[in-house]
Each structure stands twice: as structure tokens, then as C-alpha cells.
Amino acid sequence: MNNKLKSKLTKITFMWESVMGPWSGVGGVPDPGGGSSGHPIAEVLTRALLWLLGIFGALAVISFIVAGVMYLMAGGDSSMIERSKKATVYGIIGLVVGLIGLIIVRLIDKLLRGDGSGIV
């Protein structure tokens, strides 16, 4: 496999562009002097956390789908119905934890930026 293809596959696999994003520095290198976009390290951390929270949300939706399929396939079996109900409850708990995580990440981002805008 040639290096160009390896590099492209690695970037796609780790979703480099969604976390690192385009930078406005010379040659695509971030400008540590700041600028209007803020500090590059803070942006990378914020993007990475939001990316992980997006994956977390997708997993929560998948858990709801699996729980629904389990409920439909139960066919009156009370143990399968109970398992699907537990899976639904755990999916709801996971979704609430994910939303709380999103709120905390945005709160910390706003506090660290110190731009004077509101918390939400």
C-alpha cells in the first residue's frame, strides 16, 4: 500500500479533519498567537470532546433500536420483555449522562474562553 493511501485511510479512520479541522496558520499549522479563533489546544480538545459526545449519542440511539427490536422479538416471553425494558432504561440513563456531559463541556469551554457571553 502506498504512503498516500495509508495517510488518507488513517485520517479517515481517526476522523482527523473533524477533530483537528482546518487551521488558519501558515501552511495549515495553527497560529499559537491566538487570533479570533482562540487557542488551538483548547479548540482541539473541544472538538475532540464534541466528537466523542456525538459517538456517544449515536450509541444511545443504537441502544434504543436494539431494545425496540428485542421487545418486538419477545413474542410474549416475559424474561425477554424485562430485558428489553432494562435496555431501554439503560439507554435513557446513557442519553441523560451524555447530555449532561455536553452541557459540562460547553460550560467549561465558555468559562475558559472568558468571552463574557452567557453560559448557554
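Set the Förster radius R0 to 41 Å, insert the Cβ-Cβ distance between Y90 and A48 as r into 1/(1 + (r/R0)^6), and round the FRET efficiency to 0.05.
Working: r = 25 Å, r/R0 = 0.62.
For R0 = 41 Å, the calculated efficiency reads 0.95.
Given a Förster distance of 25 angstrom, what is the FRET efficiency for S79 paired with F56, based on the Cβ-Cβ distance and rounded to 0.05?
0.30
Would you mind getting me the FRET efficiency between L102 and F64? Use the beta-carbon distance for r and R0 = 22 Å, nearest 0.05.
It comes to 0.80.
Any read-out appearing in this document is the output of simple, stated calculations on the displayed coordinates, not a laboratory observation. The structure presented is a predicted model; accordingly, all values stated were derived computationally and were not measured. Glycine gets a Cβ as well: all are built from the backbone with ideal geometry, and neighbour counts include every protein chain shown.
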